[in-house]
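**Q** Have a look at this one.
What follows is calculated from the coordinates using simple rules that are stated; it is not laboratory data. These numbers were taken from a predicted model, which means no experiment stands behind them. Note that we place each Cβ from the backbone using ideal geometry, even for glycine, and neighbour counts take in every protein chain shown.
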Amino acid sequence: MFLIVSKYLIPKKYRGLTFFPFVIIRNDFDKTDKVLINHEKIHIRQQLELLILPFYIWYFTDFLIKTIRYKNSSKAYRNIVFEREAYANEKDLDYLKSRSFWSFSKYL
């Protein structure tokens, strides 16, 4: 994982973004936010499990379907299967040590 700090590469509503193998964060002080970094590391693992490109296809398809379903992009984002896993486990800093393969499937 490579950590990049750039407020120009992140949409305004967000603090971090993972684009394998990079984790991009908006602010320098977020480098020390263990919960945020753990959230993004969960996405790194998800991307690796799905061999990267299929992850992005699934992620954006899920987002589009849920945007139509909820008629609200924020609610759609929070309900993307990958985000549900990451948000549910971001505070557990040992989660990745015990996480099983394709654990995101529990959030379908």
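**Q** Report the calculated FRET efficiency for VAL5 and ILE57 (r = Cβ-Cβ distance, R0 = 30 Å), to the nearest 0.05.
**A** Values: r = 28 Å, r/R0 = 0.93.
Given R0 = 30 Å and the Cβ-Cβ separation, E is 0.60.
**Q** Can you give the % of DSSP beta bridges in the chain that are antiparallel, to the nearest 5? All intermediate terms of the calculation are to be shown ahead of the outcome.
**A** Values: 4 of 8 bridges.
Around 50 percent antiparallel, to the nearest 5.
**Q** For the chain, what does the convex hull of the Cα positions come to per residue, in cubic angstrom?
**A** Values: hull volume 10.6 nm³, N = 108.
Measuring per residue, one finds 99 Å³ for the Cα hull of the chain.
**Q** I want the local charge near LEU3. Using Cβ-Cβ distances under 10 Å, sum +1 for each Lys or Arg and -1 for each Asp or Glu among the other residues.
**A** Working: positive: LYS31; negative: ASP30, GLU40.
Local charge sum for LEU3: -1.
**Q** Which one, ILE68, GLY16, TYR95, projects farthest toward the positive side of the charge dipole computed for the chain from Cβ point charges (K/R +1, D/E -1)?
**A** Going by the Cα projections, it comes out as ILE68.
**Q** May I pose another question? Can you tell me how much longer the chain between TYR77 and ARG15 gets when fully stretched, taken as 0.36 nm per residue apart minus their C-alpha distance, in nm with one decimal?
**A** Details: separation 62, 0.36 × 62 = 22.32 nm, distance 1.40 nm.
20.9 nm is the gain from fully extending TYR77 to ARG15.
**Q** Using only the Cα atoms of the range 52-93, build the gyration tensor, take square roots of its eigenvalues as a ≥ b ≥ c, and label the shape rounded, prolate or oblate: rounded if a/c is under 1.5, else prolate if a/b is larger than b/c, else oblate. Spell out each step's value before the answer.
**A** Working: a/c = 3.75, a/b = 1.30, b/c = 2.88.
Here the range 52-93 falls in the oblate category.
**Q** Separate question: Tell me the net charge near PHE82. Cut-off is 14 Å between Cβ atoms, PHE82 excluded, with +1 for each Lys or Arg and -1 for each Asp or Glu. Working shown, then result.
**A** Details: positive: LYS41, ARG45, LYS66, ARG78, ARG84, ARG99, LYS106; negative: GLU40, GLU49, ASP62, GLU83, GLU85, GLU90.
Value of the local net charge: +1.
**Q** Just from the alpha-carbon atoms, what are the Rg and Dmax of the range 8-57 in angstroms?
**A** 11.2, 32
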